[in-house]
Amino acid sequence: MAGGQHAQTVVCSLCLTSSFKLVKAERVEEGSSTDYYACSHGHSFGVDWDAPPEVPGWPPPERARHMLALLKRRLANERRGERP
Ligand SMILES: [Zn+2]
């Protein structure tokens, strides 16, 4: 078993890093140390669980949404700043 019961769903790491979106990814295959996930945007990726998570990976905590909102605002401001 890799991530256990709380690892059934996680935030898609590819949606997060490519478009700063919190998208749910479902586990499609459970391995001995790595679980494999797929999201509705066609991404698939593996997660190596050193230890099973203590809380479900989905929904993301409120502070994750808050931090992401701050990050998006900062990036938007930087982009605006780059224009002449
Ligand atoms: Zn995705």
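Structural remarks
- For region 26-48, a residue qualifies if it is more than 8 Å from the ligand (Cβ to nearest atom) and surrounded by 17 or more Cβ atoms within 10 Å (Cβ to Cβ), and the qualifying residues are R27, D35, Y37, V47.
- For region 52-63, the criterion of a residue being within 16 Å of the ligand (Cβ to nearest atom), out of contact with any Leu (no Cβ under 6 Å at 6 or more places or on another chain) and of a type in the set (K, R) is satisfied by no position.
- Candidate set: region 49-64, residues that are touching a residue at least 40 places away in the same chain (Cβ under 8 Å) and surrounded by 12 or more Cβ atoms within 10 Å (Cβ to Cβ); chosen: the one farthest from the chain's Cα centre (by Cα): P52
- Strands (runs of 3 or more DSSP E) contained in region 4-71 and holding at least 3 residues at pLDDT 95 or above and not polar (S, T, N, Q): 24-30, 34-39, 44-48
- Test: residue in region 11-25 that is closer than 26 Å to M1 by Cβ, out of contact with any strand residue (DSSP E or B) (no Cβ under 9 Å at 6 or more places or on another chain) and within 16 Å of the ligand (Cβ to nearest atom): yes
- Test for V11: is it crowded, with 17+ Cβ neighbours inside 10 Å and under 23 Å from A76 (Cβ atoms): yes
- Residue tally, condition small (G, A, S) and either closer than 17 Å to C12 by Cα or touching a Ser or Thr at 6+ places or on another chain (Cβ under 7 Å) (or both), over region 28-84: 8
The values are calculated or read from the model by the stated rules, or taken from the named source; none is laboratory data. Just so we're clear, the structure is a prediction, and the values are computed from it rather than from any experiment. Counting neighbours? That spans all protein chains shown, and the Cβs are built from the backbone with ideal geometry, glycine included.
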